[in-house]
1. Please compute the modelled spin-label separation between S53 and Q22, points set 7 Å along Cα→Cβ, answer in nm with one decimal.
2. Using r as the Cβ-Cβ distance of R277 and S207, and R0 as 25 Å, what FRET efficiency do you calculate, to the nearest 0.05?
3. By a straight-distance test (C-alpha under 17 Å), which lysines pair with K301 as possible cross-link partners, with residues fewer than eight away in the same chain excluded?
4. Using Cα positions and a limit of under 16 Å, work out the lysines in reach of K101, with same-chain residues fewer than 8 apart set aside.
5. Please give the Cα centre distance for region 203-278 versus region 84-117, rounded to the nearest Å.
6. According to a simple spin-label model (label point 7 Å from Cα along Cα-to-Cβ), what is the distance in nm between L151 and Q180?
7. Note down the nm distance, to one decimal, between modelled labels 7 Å out along Cα→Cβ at E105 and at S195.
8. Cα-Cα pairs above 21 Å in region 143-323: how many percent?
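Taken together, the values in this text are just the output of simple stated rules run on the coordinates, not laboratory data. Computed from a predicted structure; not experimentally measured. When we count neighbours, we look across all protein chains shown, and the Cβ atoms used for this are built from the backbone with ideal geometry, even at glycine.
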Amino acid sequence: MEFEIKEIRDRSVWERFLLTCQEKTFLQSWNWGDFQENLGFRIWRLGIYQKGSGIAGLSLVVKIVAKRGSFLFVPHGPNIKPEIKNQRLEILGVLLEKLRKIAKEEKIDFIRIAPIWERDQKSKEIFKKLGFRDAPVHIHPEVTWILDISLPEEEILRRMRKNTRNLIRRAKKEGVEVFQENSQEGVKKFNEIYSVTVRRHHFAPFSLEYLKGEFSAFSKEDQIVVFFAKHQGKLLASAMVIYWQKIGFYHQGASIASRVPAPYLLQWEAIKEAKRRGCQLYNFWGIVPEVKTTEDLKDPKIRRHPWWGLSLFKMGFGGYRKEYLRTQDLPLSFRYWLNYLVEKARKLRRGY
């Protein structure tokens, strides 16, 4: 066999390999693995080695235990060296052998992979050949909105929707102040605004402990910033943005309903911070999956989607759509089907 699996225990080896990967998110970072461990999940950091050539790929694996079934989860992975993309079937097959062994030892009901692979026929066929099926839900975004921030600030502004650009300027004119508070106290303040957002939009929130844990995992290497936008002494918006390997990720956001367009200026300052840190891309995270351009947001059906307003906000800054292969499941026991029915019902209730 040309490939073999070894656990990676050296942070620098892990992060150095990811630097060579174009397609990646912080969900495969070393710090995300630490965060999952601190939440109480068991993790494996698996390196896929090509004999005689070093690391060919890697995969963070998280064990999720639930009443309706336990599973091994690969968030936005595996990451594979770009130059051996044509060997993905063999590489994934070797990884799957290892995951099956872990699953047997850990009494796992299914394996779930949220690939960082482009959604095309070839990628679909690879997973299908290995026995996978489309998952009923996704845990992390399968469609994201990306902005190229290697351009000058003036050019980024010029490429925005006119309304977005005007709202940034209006927020400045009305005296909105954007500042950072990178501490656990800042996370608590974020959570206060976040709780208001949850009540307004009716979604399942992350707990304060979760948010504090995420901040702790990335703050030790100055990879996370907590932004606030204030107007006349009142906090109107906040965001937790992760800066990792030359990419900014708008991961957590919150705002209070107001006529003052504070979130627009806050987001612009987060983008400028990404540029100051040498980032080339800014990832706005998830949008309505069916949307390809802002014109699609005019569709009455899409306007009913819970993410419609958020998608309009994100896409207004300019950029492009990135679509990953749908989350894939490999059933290992009958309990998978119980989980499938529960998740399918939840998706129908939520409407997405």
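1. Placing both labels 7 Å along Cα→Cβ, they lie 1.8 nm apart.
2. Working from the Cβ atoms, E equals 0.30.
3. K292, K347
4. By straight Cα distance, K101 reaches K6, K63.
5. 34 Å
6. Using points 7 Å along Cα→Cβ, the separation is 2.5 nm.
7. Computed distance between label sites E105 and S195 equals 4.2 nm.
8. Numbers: 7967 of 16290 pairs.
The calculated P(r) of region 143-323 puts 49 percent of pairs beyond 21 Å.
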